[in-house]
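What follows draws every value from the coordinates through simple rules; no lab data is involved. Keep in mind the model is a prediction, meaning the values are calculated, not measured. Here the Cβ positions follow ideal geometry from the backbone for every residue, glycine too, while neighbour counts run over all protein chains shown.
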Amino acid sequence: MATFADLMSLLMALFVLLFAMSSVDIVKYKAVVESFNETLGNGDELTPEQTSFFQSVQQGIDAQTPVIENPQTDEVDKSTREMQSLYKQLQSSFSLLGEQAVKIEFAEQSNQIKLVFPEQIAFDAGRAELKPHFVVLLRKLADLKKQPLLVKVVGHTDSRSITGGRFLNNWELSSARASSVVAQLVKDECVRPEQVQAIGVADTQPIDKSQTEQAFAKNRRVEILLLSMGEQNEKMAMQH
């Protein structure tokens with residue numbers, strides 16, 4: 001007389017036969033096998049041959065279960081490594097010039113690099129023409145055109161009103177300074193025209209809100225933000 005375990009073995013054999021003759025979802029199939037195992041208990045009612053059969057089926061399922069990789073995660077890791085490498089390269093380049101006034105920061109969470117150039121090394125007061133030494137510093141960014149980066153040049157001023165001169169207000173001055181930097185970077189082929197933006201924010205993003213000469217000097221600056229886009233994102237951005 002056939003036992004319950006014999007009956008279940010026959011059903012399982014039929015199930016495997018159907019599986020071999022068709023394309024079945026591995027995950028669903030694995031769940032069914034585990035259900036059979038639970039129904040039969042811990043193997044107390046199985047013969048050695050039946051136990052061996054179920055184990056071989058389980059091993060076959062495990063071998064066919066695909067390992068799902070996440071290419072997006074791999075690209076993020078690669079992008080972070082590239083930005084860290086660029087950060088170290090920029091630190092080394094400006095260090096060799098002995099330029100201590102330039103600040104270079106790397107924000108790993110947002111995966112971006114920020115270079116801060118104070119007004120004293122970049123522009124004369126109230127003007128948007130680049131100082132010769134500042135032009136030399138900008139040429140240290142020559143490799144940016146090879147990188148999948150979005151380059152944002154942001155002009156900042158202090159909170160004091162402009163009196164006289166060609167600019168009516170701090171918005172015009174900050175925008176003109178950012179545009180001058182962008183024009184120089186494009187002229188020297190440090191960046192590609194499609195990867196760079198000029199932004200003027202006047203006095204809306206101060207480093208120091210106190211009303212002192214030292215604070216005003218800190219706030220008058222130009223920042224160059226390097227944002228990693230990744231190769232795929234850059235290609236998509238260039239298509240629009």
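Extension gain for Glu129-Arg166 works out to 12.1 nm (0.36 nm per residue, less the C-alpha to C-alpha distance).
Taking other C-beta atoms within 10 Å as the exposure proxy, Ser110, Ser93, Ser174 rank Ser110, Ser93, Ser174 from fewest upward.
Shape summary: region 124-221 maps onto an equivalent ellipsoid whose semi-axes, from the alpha-carbon gyration tensor, are 26, 14, 12 Å in decreasing order. Taking 7 Å steps out from each Cα toward its Cβ at Ser159 and Leu97 produces label points 3.1 nm apart. Here the spin labels are modelled as points 7 Å beyond Cα on the Cα-Cβ line, and at Gln120 and Ala215 they lie 1.9 nm apart. Kindly provide log₁₀ I(q)/I(0) values, in the same order as q = 0.19 Å⁻¹, from the Debye equation applied to equal alpha-carbon scatterers of region 71-239. Each listed q corresponds, in turn, to -1.25. Taking 0.36 nm per residue of separation and subtracting the Cα-Cα distance, full extension of the segment from Asp188 to Arg139 would add 16.9 nm. When the C-alpha to C-alpha distance is required to be over 24 Å, the pairs from Lys140/Lys187; Lys187/Lys218; Lys131/Lys218; Lys140/Lys209 that qualify are Lys187/Lys218; Lys140/Lys209.
Report the net charge of residues surrounding Arg220, where surrounding means a beta-carbon distance below 13 angstrom and charges are Lys +1, Arg +1, Asp -1, Glu -1.
-2
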